[in-house]
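Worksheet: one structure, shown below.
FYI, it's all coordinate maths here, none of it is from the lab. Remember, it's a predicted structure, so these values are computed and weren't measured experimentally. All Cβ positions, even for glycine, are placed from backbone atoms using ideal geometry, and neighbour counts span all protein chains on display.
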Amino acid sequence: MHDLPDTPFRQMLRGAIPPPPVAVLLGQTIQRVDVAAGELEADFDALPSFANPAGKVQGGMLAAMLDALTAGLVDATLSIGEGVTTLNLNVSYLSPADVGAIHGVAKLNRRGRAISNVSAQLTQGGKVVATASAVCMVLNTDRGRQ
């Protein structure tokens, strides 16, 4: 990624700045980013504090992981002066997830100038536990600056 602008996302990947607090909360570790292929892989550590009364990972925590994957992939494509926000996240829960390691993969389906469509899935023990499709908006973070 040496030919890409030195955005906060790239600074985070190389350890120059810390990850955002939500990534720390989710135990997110980015494993692979391929901007050209439109792919991002990350691992999450679902803590016991993420469990619902049944002892499974609460659905909102899985949704947060899926949001981190989809918005994170768009973030990897940004230039300096751009940011990303999620406009819509449609989540499907397919199987209960246990506390522990969860693997996630995101795929960029379409990267427009302002709107991107991304899909993602979470797996545990080789089984898909949740999927999502997201619509993300690219923001101009320099707007209004002199």
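Things to note:
- Unmet requirement for L40, which otherwise passes all of (1) more than 21 Å from S133 (Cβ to Cβ); (2) in a strand (DSSP E or B); (3) of a type outside the set (V, I, T): (1)
- All of (1) surrounded by 15 or more Cβ atoms within 10 Å (Cβ to Cβ); (2) over 23 Å from Q11 (Cα atoms) hold for N88 with one exception: (1).
- Of everything listed in (1) surrounded by fewer than 22 Cβ atoms within 10 Å (Cβ to Cβ); (2) closer than 18 Å to P20 by Cα; (3) out of contact with any Cys (no Cβ under 8 Å at 6 or more places or on another chain); (4) free of Cβ contacts under 8 Å to residues at least 60 places away in the same chain, the single unmet condition for L73 is (1).
- Candidate set from segment 91-109 (those that are more than 19 Å from G38 (Cβ to Cβ) and polar (S, T, N, Q)); member that is nearest to the chain's Cα centre (by Cα): S92
- Residue within segment 110-130 that is over 22 Å from A37 (Cβ atoms), surrounded by fewer than 18 Cβ atoms within 10 Å (Cβ to Cβ) and touching a Pro at 6+ places or on another chain (Cβ under 8 Å) present: no
- Residue count for segment 24-37 satisfying the condition of being surrounded by fewer than 19 Cβ atoms within 10 Å (Cβ to Cβ) and not charged (D, E, K, R): 8.
- Within segment 1-30, the set of residues being in contact (Cβ under 8 Å) with a residue 24 or more places away in the chain, in contact with a strand residue (DSSP E or B) (Cβ under 7 Å, 6 or more places away or on another chain) and outside any loop (DSSP other than H, G, I, E, B) comprises just one member, I30.
- Of residues in segment 38-49 being touching a residue at least 24 places away in the same chain (Cβ under 8 Å) and out of contact with any Lys or Arg (no Cβ under 9 Å at 6 or more places or on another chain), the one surrounded by the fewest Cβ atoms within 10 Å (Cβ to Cβ): P48
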